[in-house]
Amino acid sequence: MAPNGNGPGESFFEKVKESPVWKSVFRHGYADTPRNRILQVSSNVFLHLHPSKLPRHAVRIRFTWCAGGVTFLFYLILVVTGVILMFYYRPTGELAYQDMKYLQFDVPFGMIMRNMHRWAAHAMVIAVWIHMLRVFMTGSYKPPREFNWVVGVNLLVFTLLLSFTGYLLPWDQLSIWAVTVGTNMARATPFVGHEGPFGELLGMNARYDARAFLVGGRLVGGATLLRFYVLHCIFIPIIASVLMIVHFWRIRKDGGISGPL
Amino acid sequence: MANLDILKQEGCDPKEHIWSRRNFLGLVGWSTVLGSLGIGTLAFGRFMYPRVLFEPRTTVKLGKPEEYIVNSVSEKWIKLYRLWLIRNPDGFVAQSAKCTHLGCTPRWLESENKFKCPCHGSGFRGLNYSPNNLFTGRNFEGPAPRPLERFYIALAEDGQILVDFGRVFRGERDEWIKAGAYLKYSG
């Protein structure tokens, strides 16, 4: 980048900043003024999650189905019950199955916590699809909301990844073999899977590729369980939560809930 | 804000200075942050691949070569390691017993001199000696798209046959003539 602001690099950057893609992500530039600095603090998402006034159509259940809200409700249920399950569950090859059974058969209220977690997980995946269907059918993905659709698709992916990583944790035959099959698909990842396109050219092998990264070795075993546990409880929820904050904030910034056409 | 504006704002002549102090410190600050994040990310990538795996060994020893009959397919290791040890007049092949169609275990049919998969009927060639034995294991009937794989085979220091099923040789890629796909032995 030319340091005096008139070089070719700077003009390329200006062009990127004027492109429709950039404008859909960042609505306007940021003027570094004292007013904007105080607004950064006072307009943060937590103070503005709920709008100060609602348009009448936004509360019509037949238009929104409240599918996004229901999805978020399931997410909250999953966070709460999940944290409660973490008090008993130990993610090791020797103990995981036994702890799952312990929760189910002996720990007071363990059964309902486990079942709530399980059923809310299924329900959240279903609710996400219903939400997506509603947004699609009402055309709510159209500008100015096109970037929020992109955020939503990413949230869909992370919901499915949460579901997939959580599937291994009961550590029974079903989950082990489901994840064996699932992670085998990673072998065929382009570039970073050893059986995928260009994988061998880049020196991938069964010991060092995308699948080994997930599995922690060649076989689904204790290392895999621990990895999936960390992904399931820390990594993916944090990413999903950040995306949700952006998602909710953008609903407000893109003009509130879309109205009937 | 563009560098030019900052220079002007700080009262510097853009003809004499290309960096204001704020430009410079900003650049140093951001490259430190992004650089350490980048190094951290690379280190994390390596961190996820441990040096030692607590998994069953992929190298196994299958006894002395003279324990196997010349011109035969040994089914001794099918249950344990899922491979056939095939002895030719001048050497050995360690052939995977995993069908290349959908992964069932084929059967060795000695009377018909072929390996036949019970799931979908894939057939693979049996014994018929040629140098490096490029014949055995070739797919010739049914849905299997490629020959049965071969494992790395060598003689260990104690004289036993050593097989590494972490290293695979594929016939359709002409890998069977590579070193390690065939164990020369005539005793």
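Using a Förster distance of 45 angstrom, determine the FRET efficiency expected from the C-beta separation of B:A43 and B:S111, and round it to 0.05. Walk me through the intermediate numbers first.
Working: r = 59 Å, r/R0 = 1.32.
For R0 = 45 Å, the calculated efficiency reads 0.15.
Could you sort the peptides B:22-28, B:119-125 by per-residue average Cβ neighbour count (10 Å cutoff), highest mean leading?
Details: B:22-28: 13.3, B:119-125: 17.6.
Order by mean packing, descending: B:119-125, B:22-28.
How large is log10 of I(q)/I(0) for the range A:61-114 at q = 0.20 Å⁻¹ when the intensity is taken from the Debye formula with one equal scatterer per alpha-carbon?
-0.71
Which whole-number percent of Cα pairs in the protein assembly as shown have a distance greater than 35 Å?
Values: 55453 of 100128 pairs.
Summing the P(r) of the protein assembly as shown above 35 Å gives 55 percent of all pairs.
Take the Cα pairs of the range B:1-72, get the Kirkwood Rh, then feed it into Stokes-Einstein at 37 °C and 0.692 mPa s and tell me D in µm²/s.
On the way: Rh = 18.5 Å.
Rounded, D is 177 µm²/s.
Could you list A:D254, B:D158 in order of exposure, starting from the residue whose Cβ has the fewest other Cβ atoms within 10 Å? All intermediate terms of the calculation are to be shown ahead of the outcome.
Details: A:D254 18, B:D158 8.
Ranking A:D254, B:D158 by Cβ neighbours within 10 Å, fewest first, gives B:D158, A:D254.
Mean-square fluctuation check for chain B, GNM, Cα pairs under 10 Å: which of B:I39, B:I18, B:I161 is largest?
B:I18
How big, on average over all directions, is the shadow cast by the Cα convex hull of the range B:32-102, in nm²? Kindly include the intermediate steps, with their values, before the conclusion.
On the way: hull surface 35.8 nm².
The orientation-averaged projected area of the Cα hull of the range B:32-102 comes to 8.9 nm².
Most exposed first by the Cβ proxy, i.e. fewest other Cβ within 10 Å, how do B:C12, A:C233 rank? List each step's numbers first, then the result.
Numbers: B:C12 15, A:C233 21.
Arranged by neighbour count, lowest to highest, B:C12, A:C233 become B:C12, A:C233.
Using per-residue counts of other Cβ atoms within 10 Å, averaged over each peptide, order B:140-149, A:35-44 from highest down.
Details: B:140-149: 17.2, A:35-44: 10.0.
Descending packing order for the listed peptides: B:140-149, A:35-44.
Mean residue ellipticity at 222 nm from the helices of chain A, using -39,500 (n - 2.57) per DSSP H segment of n ≥ 4 over the full residue count, to the nearest 500 deg cm²/dmol?
Roughly -19000 deg cm²/dmol at 222 nm, from the helical runs in chain A.
Which residue, A:E94, A:E146, A:E14, has the most motion in a Gaussian network model of chain A that connects Cα atoms within less than 10 Å?
A:E14
Counting other C-beta atoms within 10 Å, which of A:K17, B:K76, A:K253 has the fewest, and how do the rest follow? Write out the running numbers ahead of the final one.
Details: A:K17 11, B:K76 14, A:K253 17.
Ranked by crowding around the Cβ, least crowded first: A:K17, B:K76, A:K253.
Using Cα pairs closer than 8 Å and at least 6 residues apart in sequence, work out the relative contact order for chain B, in percent. Walk me through the intermediate numbers first.
Working: 311 pairs, mean separation 32.1, N = 187.
Over chain B, the number comes to 17 percent.
Which residue, B:K114, B:K79, B:K61, has the most motion in a Gaussian network model of chain B that connects Cα atoms within less than 10 Å?
B:K79
Can you list which of the chymotrypsin sites (Phe, Trp or Tyr not before Pro) found in the range A:174-261 are DSSP loop residues with at most 15 other C-beta atoms within 10 Å?
Numbers: sites: A:W177, A:F191, A:F198, A:Y208, A:F213, A:F228, A:Y229, A:F235, A:F248, A:W249; in loops: A:F191, A:F198.
Those satisfying the criteria are A:F191, A:F198.
Tell me the net charge near A:Y141. Cut-off is 13 Å between Cβ atoms, A:Y141 excluded, with +1 for each Lys or Arg and -1 for each Asp or Glu.
Overall, the nearby charge balance is +2.
Take the residue pairs B:K61/B:K98; B:K98/B:K184; B:K61/B:K178; B:K79/B:K178; B:K61/B:K114; A:K17/B:K15 and return only those whose Cα atoms are more than 29 Å apart. Walk me through the numbers on the way to the answer.
On the way: B:K61/B:K98 20 Å; B:K98/B:K184 24 Å; B:K61/B:K178 21 Å; B:K79/B:K178 27 Å; B:K61/B:K114 26 Å; A:K17/B:K15 27 Å.
Result: no pair exceeds 29 Å.
Which semi-axis lengths, in whole Å and largest first, follow from the square roots of five times the eigenvalues of the Cα gyration tensor of the range A:136-261?
35, 18, 12
What is the ratio of the Cα radius of gyration of chain B to 2.2 N^0.38 Å, where N is its residue count, to two decimals? Write down the numbers at each step before the final one.
On the way: Rg = 29.8 Å, N = 187, 2.2 N^0.38 = 16.1 Å.
Its radius of gyration relative to the 2.2 N^0.38 Å reference: 1.86.
How long are the three semi-axes of the equivalent ellipsoid for chain A, computed from the Cα gyration tensor as the root of 5 times each eigenvalue, in whole Å, largest first? Could you put the intermediate results ahead of the total?
On the way: eigenvalues 286, 165, 62 Å².
In descending order the semi-axes read 38, 29, 18 Å.
Leaving out same-chain residues fewer than 8 places away, which aspartates and glutamates sit with a Cα under 17 Å from that of B:K76?
Straight-distance partners of B:K76: B:E66, B:E67, B:E110, B:D164.
Please pull out the direction-averaged projected area of the range B:68-146, using the convex hull of its alpha-carbon atoms, in nm² to one decimal place.
Orientation-averaged projected area of the Cα hull: 4.9 nm².
We did not get these values from a lab; they are worked out from the coordinates using the rules stated. The structure presented is a predicted model; accordingly, all values stated were derived computationally and were not measured. When we count neighbours, we look across all protein chains shown, and the Cβ atoms used for this are built from the backbone with ideal geometry, even at glycine.
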